[in-house]
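Heads up: the structure comes next, in structure tokens.
The values are calculated or read from the model by the stated rules, or taken from the named source; none is laboratory data. Quick caveat: nothing in here was measured; it's all calculated off a predicted structure. Here the Cβ positions follow ideal geometry from the backbone for every residue, glycine too, while neighbour counts run over all protein chains shown. Heads up: the accessible areas ignore ligands, DNA and RNA and are worked out on the full protein's heavy atoms, side chains in. Shrake-Rupley method; radii C 1.70, N 1.55, O 1.52, S 1.80 Å.
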Amino acid sequence: MSRGPGSVPPAFGVASGAGGPSWLPDRARSATFDTVADAALKGVCAIAGIVAVVVLGAIVYQVFAGADQAISKLGLGFLVHEVWEPNFGHFGAATFIYGTTIVCAMTMILSVPLAVSIGLYLSTVASGRVRAVIGPLVEMLAAIPSVILGFWGVIVLAP
């Protein structure tokens, strides 16, 4: 088998130009390998999906099991009461839930358009040189935990 200039040598156990073991004929090798690989990938994805559902169920169970004493003592009204006076035994989470929801909504209103704009700019408009500089910076920003960014914001921006 002669290879022309620029051709890539076959991988170990795989014939050149085919997608399966070298001991099968080309057409059978490709069809058999694709069928087996598709079935294996489908099995891996199914197992990953089942594991994700089981883990999510375990998390929900642990949250409710950990909150069992609070729910039995305070009831679910705890979620809608606004008063938080632990000295008097009044506990309400509505104010905290509302504040968290507003902060999350404001964050999404600010960050989603910015993130989508940067992504579209880098993928469609930016030159190769700009993409080479800005792309890794965006990836590094994604690697920094949001808690660290929030702490930095409190330190720098707070009066």
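Tabulated values for the structure
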quantity	calculated
Residue among V103, V130, V154, V125 that alone is β-branched (V, I, T) and either in contact with an Asp or Glu (Cβ under 8 Å, 6 or more places away or on another chain) or open to solvent by less than 70 Å² (accessible area, probe 1.4 Å) (or both)	V130
Every residue from region 79-93 that is touching a residue at least 12 places away in the same chain (Cβ under 8 Å), open to solvent by less than 60 Å² (accessible area, probe 1.4 Å) and out of contact with any helix residue (DSSP H, G or I) (no Cβ under 6 Å at 6 or more places or on another chain)	G92
Selection within region 81-124 - assigned to a helix (DSSP H, G or I) and among the small types (G, A, S)	A94, G99, A105, S111, A115, S117, G119, S123
Of all residues making up region 133-151, the number that are open to solvent by 80 Å² or more (accessible area, probe 1.4 Å) and not hydrophobic (A, V, I, L, M, F, W, C)	2
Candidates Y98, Y61, filtered to the one that is within 23 Å of G150 (Cβ to Cβ), at pLDDT 90 or above, loosely packed, with under 12 Cβ neighbours inside 10 Å and of a type outside the set (G, A, S)	Y98
